[in-house]
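Novice: Sharing a structure here in structure tokens format.
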Amino acid sequence: MPFTDTSPSKPGSWLCADGPYQERITSLCERYPGLQQPDPENSAAPLTSRKVQVTLLTVNENSKYRREPPITLPTGLQRLKHKLQSREGSQNVWLVENINPEAVALLGAHFNMDPNFFLDYERVSKWARRADQPNLTPMLATDAASRLYSVTKYCELRRLDGIDSYCVSCADSGRFIHRMKRPNQNTHKNEFMTVSIIDRRVAYWHRTVGADGWDVVILCDPPLRRPHVWKPGKEGKDGTFDANLRAFERNEPFQGGFRDFTSPTTVSPHDCAYLTRNSLSEDISYYLLNLKALGITSPSLSPGHTDPLFILQKIIAAHYMQLMSFTTSHIRSLQRFLVRNDVLHDVEIDWVEARWSEIVDITLRCNEYIDNLEAMMLGFGISFEEPQPIRSNNCNNDISLDFQFILHQAQACKIRASELNGALTALTSMVSNAQAHDEARVSLREAKNVKALTIVAMLFIPLSFTSGLFSMNEQYMPGRNDFSTFWFVSVPLIIMVFAGAVVGEVGYGDDGKWGWGNFFHGLAQILSAWAKALRVCGKRCRDRARKGYLPAGEHTPNKEAIPGPAGVGSV
């Protein structure tokens, strides 16, 4: 997807509006090359065209969260600036949906944030292999564990109808929407599935202010409202695409969304009546506003309230759990076709190739899930150990077990996908061999037809030659005395032609080429076969003579009489 650079020439100015924070970003471009240019995959959704919604959750005297009306940027920029100044030193959770240059300049300068916090959240590309693409190198493991922020990749499953394309992205964030195809049971044609996998990112940052004050900033992706469908560019150049804004016929969480991770006894009635599962910001607000204190404390936050990081981790784990369940069922649906199927003659090679491509796509995504989970666990300080179940009343507060089990599930899905890939490869060979066998049978039948025509031609060619030869003299015409000469000449010619054809075939080897070595070897085999046949015939005649079955009038060497019809004989 092409990127049209409409930002000023100053490095890093695409990320932040004019001001002191932009000067700081520019000074850091040499140390962090990724700050120099935007992600080209976001060319259809540049930062300058995005709307940002900021929702503030504050903690009151009773250690309960209270939600204030959201602020929309850039129209509410002054209002947000006043709110940031008035809430200095208190306990705040700032939920920010999407980013734009104005929001980066205001939030980055007020909280003195690392610019990489916004940079890592903005990125959409999964890899960059050309020199002109932006730098996507992740930070070292030691740096990730010591930073005040973390950027997490996860996926959201949604049912999307009305879009028949692979190249789809979110029009508000530029995130990729993964689409899949499955064969229709009635038409046997590949059709797009209603379920789609949406790439998501969330960034978490926190700081402490004074003795009891703290701030938490969470960057969330906005809800999926409209997609961009990418099509080849009008100029017809290779690698260029144009984004076309479309609308969904149906857009809702897949199978109702992720499973709630709380007990009904922990939920308290509030103004938020239900969990929407359409926006991460709304989901976090729901849990923080409606749950009693879960007993979670953090070294950087004050006790007596629900930890926003814990809620965020639980929601991400619930999304991954639904994703692993879907991936497992997807793989099993492909495996089910290969089980208890005795006859595979109806399987088409095109169908097998399509399923092979599908399982390769699943394997690629499983690798991506594992990479994302390992990076997330590294940022959260979770070890990569095997999950060890714990039976305790406080086990719900331990997020490590959830992510260790999800990582184990992702690795198991990768193994299943690899095994299915091998099974489909073997099935491809079986189907190819079956088709080759059918084609060989057809070729053999055609060869027999050609052979029959050849025999007919070999039969009539000598007759035609003899007819033409003897037609020059009337005494050999039919009805004349010398007409029998025609047959005396034609029959030996036919025998000679067939014999010559048979002898000529002897010279062909297994590679289809004629050679003298093959000829003499084949001729020796024919003579050996004839000699063997003569020996067998001679042996049978001698055996019959010994048993007294010679014709009447002939005598055996011992002069015994041959039994007559009446069973009477003489010596």
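The values are calculated or read from the model by the stated rules, or taken from the named source; none is laboratory data. Worth saying up front: this structure is predicted, and the values here are computed from it rather than measured. Here the Cβ positions follow ideal geometry from the backbone for every residue, glycine too, while neighbour counts run over all protein chains shown. Areas reflect the complete protein model, heavy atoms only, side chains present, ligands, DNA and RNA absent. Shrake-Rupley method; radii C 1.70, N 1.55, O 1.52, S 1.80 Å.
Novice: Order THR48, THR485, THR152 by their accessible area, 1.4 angstrom probe, all chains in place, largest first.
Specialist: THR48, THR485, THR152
Novice: Considering only the other residues whose Cβ falls under 10 Å of the Cβ of ARG159, what net charge follows from Lys and Arg at +1 and Asp and Glu at -1?
Specialist: Summing Lys/Arg as +1 and Asp/Glu as -1 gives 0.
Novice: Pop out the ³J(HN,Hα) list for region 209-220 in order, Karplus 6.51 cos²θ - 1.76 cosθ + 1.60 with θ = phi - 60°, rounded to Hz; leave Gly and Pro as x.
Specialist: 10, x, 7, 10, x, 7, 10, 10, 10, 10, 8, 10
Novice: For region 130-163 and region 55-108, compute the distance between their C-alpha centroids and round to whole Å.
Specialist: Result: 24 Å between the Cα centres.
Novice: Pop out the carbon and sulfur fraction of the accessible area of region 20-337 as a percent, whole number, probe 1.4 Å.
Specialist: Using a 1.4 Å probe with all protein chains present, region 20-337 comes out at 49 percent carbon and sulfur.
Novice: Take every Cα pair under 8 Å in region 20-337 that's 6+ residues apart, average their separations, divide by the length, and report that relative contact order as a whole percent.
Specialist: 17
Novice: Quick check on region 20-337: take the gyration tensor over C-alpha atoms, sort the square-rooted eigenvalues as a ≥ b ≥ c, and tell me if it's rounded (a/c under 1.5), prolate or oblate.
Specialist: oblate
Novice: What ranking do 277-283, 524-530, 331-337 get when scored by the average of other Cβ atoms within 10 Å per residue, highest first?
Specialist: Values: 277-283: 20.7, 524-530: 10.6, 331-337: 14.7.
In descending order of packing, they fall as 277-283, 331-337, 524-530.
Novice: Using the structure shown, list the pairs from LYS10/LYS153; LYS153/LYS181; LYS81/LYS126; LYS126/LYS231; LYS51/LYS81 with a Cα-Cα distance above 26 Å, or answer none.
Specialist: Pairs exceeding the cut-off: LYS10/LYS153; LYS81/LYS126.
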